[in-house]
1. Which pairs turn up if I take residues in segment 261-276 that are within 20 Å of LYS210 (Cβ to Cβ) and β-branched (Val, Ile, Thr) and look for partners that are part of a strand (DSSP E or B) and at pLDDT 95 or above with beta carbon separation below 9 Å, at least 6 apart in sequence or on another chain?
2. Please go through segment 346-378 and pick out each residue that is surrounded by fewer than 21 Cβ atoms within 10 Å (Cβ to Cβ), in contact (Cβ under 8 Å) with a residue 40 or more places away in the chain and more than 21 Å from the chain's Cα centre (by Cα).
3. Among the residues of segment 279-302, count how many are under 25 Å from the mean Cα position of the chain (by Cα), surrounded by fewer than 16 Cβ atoms within 10 Å (Cβ to Cβ) and of a type in the set (Val, Ile, Thr).
4. Scan (1) closer than 27 Å to MET379 by Cα; (2) buried (at least 17 other Cβ atoms within 10 Å of the Cβ); (3) touching a residue at least 40 places away in the same chain (Cβ under 8 Å) for the single condition TYR305 breaks and write down its number.
5. Among (1) closer than 26 Å to TYR305 by Cβ; (2) of a type in the set (A, V, I, L, M); (3) part of a loop (DSSP other than H, G, I, E, B); (4) over 21 Å from the mean Cα position of the chain (by Cα), which single condition is ILE431 missing?
6. Which residues, taken from segment 74-91, are crowded, with 24+ Cβ neighbours inside 10 Å and either of a type in the set (D, E, K, R) or not in a helix (DSSP H, G or I) (or both)?
7. On the given criteria, is ASN203 part of a helix (DSSP H, G or I) and polar (S, T, N, Q)?
8. Restrict the check to segment 111-134 and report whether at least one residue is of a type in the set (Val, Ile, Thr), assigned by TED's automatic domain parsing to the domain that holds LYS211 and part of a strand (DSSP E or B).
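The values are calculated or read from the model by the stated rules, or taken from the named source; none is laboratory data. A quick note: this is a predicted structure, and the numbers were derived from the prediction, not measured. Positions of Cβ are backbone-derived with ideal geometry, glycine not excepted, and every protein chain shown enters the neighbour counts.
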Amino acid sequence: MHILLVQPTTKYPDRRPLRSRTRWLLGMTLPYLAGLTPKGHRVTIVDDRLGPIPYHRPYDLVGITATCATSERAYEIAGEFRRRGVPVVMGGFHVSLHPEEALEHADAVVVGEAEKVWSQVVEDAAARRLKRRYQAEGFHDLAGLPRPRVELIDFRRYRVKIVPTQTSRGCPYHCAFCEVPIVYGHTYRRRPIGEVIEEIKTNTRITGLKKVYFIDDNLTGHRDYAKELFKALMPLGIRWSCLWTINTSRDEELLDLAKASGCFHVNIGIENVCEESISSIEKVQNPVKEYETLLERLRRRGIFYSLNFMFGLDGDYQELFDETLAFLKRVKAPLAFFNVATPRRGTPMWEQLAQEGRVHNPEAERYLGMVCNFVPRHMTPEECEEGVWRCFRKFYSFPAIFRRFFWPPNSYIFQGLPSNLFFHWAASRRIDPVDFY
């Protein structure tokens with residue numbers, strides 16, 4: 001069979017699909033699914049963001065991955081292929097959370113992890129006997145996973161030339177706004193380190209790239225495992241990026257090992273500087289009073305970091321936007337992302353808001369964090385949205401960028417200045433920079 005795997009693009013609130021000549025990073029889902037496909041089948045990968053969908057070509061099966069933000073576009077693509085008589089199977093976080101909705105637009109859905117069912121999907125499609133729903137029993141132990149087929153990707157279309165890799169799945173924490181624990185059954189599983197290292201060796205050799213980013217939701221969720229991983233990375237001579245929690249900086253041995261093994265960037269979900277708001281989303285791993293100390297430990301080691309913030313939480317007043325900017329100015333954070341809190345259907349935060357009658361725009365969960373889909377306790381949805389844009393504009397103003405990197409000059413200049421200038425361009429046009437990832 002010839003199988004087409006599709007990454008749908010996102011849409012602006014006015015329903016226009018987002019298009020761009022390049023995007024920042026390659027996602028791992030489709031190269032991994034290609035690696036999971038049994039031998040003997042031809043696989044093509046298409047990114048809807050970067051070019052037109054080849055509806056006119058003959059495919060035997062189309063697989064589409066969907067998040068909440070891309071689901072509307074995913075359904076459009078699925079509909080066009082089905083009108084042409086091509087069977088469509090859908091999977092991804094949104095489909096796992098809402099399989100009945102997805103089944104209105106697809107011939108079959110994969111709910112949860114694909115490892116134990118994808119080969120059956122392919123076999124059934126070849127025999128023209130697709131079932132409506134495929135769902136594996138239990139969760140994979142992550143041993144013996146296939147290698148993502150990054151050789152199918154044109155890395156020239158991605159601004160950051162970096163290879164995606166996974167070491168763990170799930171998260172040991174249970175934040176109220178997050179769908180990760182829901183989809184992964186509140187598990188946190190880790191791959192054998194030797195298999196991770198062999199995958200990195202192979203894919204960096206194939207691509208010629210020496211940068212890796214770990215797509216894990218929380219790379220340091222198990223500290224001893226992370227330390228052993230970092231030690232195993234040292235001989236490879238690579239540089240790597242990841243997402244981890246702010247409390248990781250409490251373990252200075254772990255930070256030293258991360259730096260020595262090639263860590264050049266970490267993304268941190270700091271979320272909010274108000275303790276009441278952090279408590280309201282059950283983010284127990286975020287000690288607000290320690291933020292400045294913990295971030296200084298990254299700066300001392302020269303580890304570049306970016307911070308994620310969300311607004312509209314139950315402890316948030318309008319003054320919080322200025323308090324957040326003052327905090328960022330004090331710590332000289334090199335990069336930050338600002339968002340309206342966007343709970344997805346099925347998460348505890350969504351259920352609470354819905355029960356309280358505070359969800360006023362259910363469709364807004366499909367957007368990427370600039371639309372407030374509920375009524376915050378201490379501001380209007382419009383005030384929350386405008387506060388987020390104000391944070392973007394002020395944080396990425398030229399004077400703020402100058403103070404961060406040049407007064408005095410610091411080691412973050414070369415790594416942080418290009419992205420800061422791009423974010424200045426985006427924020428001045430009310431374009432969410434995250435859209436380009």
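1. What qualifies is VAL266/SER241; VAL266/CYS242; VAL266/LEU243; VAL266/PHE304; VAL266/TYR305; VAL266/SER306.
2. Of everything in segment 346-378, those that are surrounded by fewer than 21 Cβ atoms within 10 Å (Cβ to Cβ), in contact (Cβ under 8 Å) with a residue 40 or more places away in the chain and more than 21 Å from the chain's Cα centre (by Cα) turn out to be GLN352, ARG377, HIS378.
3. Residues meeting the conditions: 1.
4. All conditions are met except number (1).
5. Looking at each condition in turn, ILE431 falls short on (4).
6. The answer is VAL88, VAL89, MET90, GLY91.
7. Values: part of a helix (DSSP H, G or I): yes; polar (S, T, N, Q): yes.
In short, yes.
8. Looking only at segment 111-134, we keep the residues that are of a type in the set (Val, Ile, Thr), and these are 111, 117, 121-122.
Retained after the next criterion (residues that are assigned by TED's automatic domain parsing to the domain that holds LYS211): none.
No, that holds for no residue.
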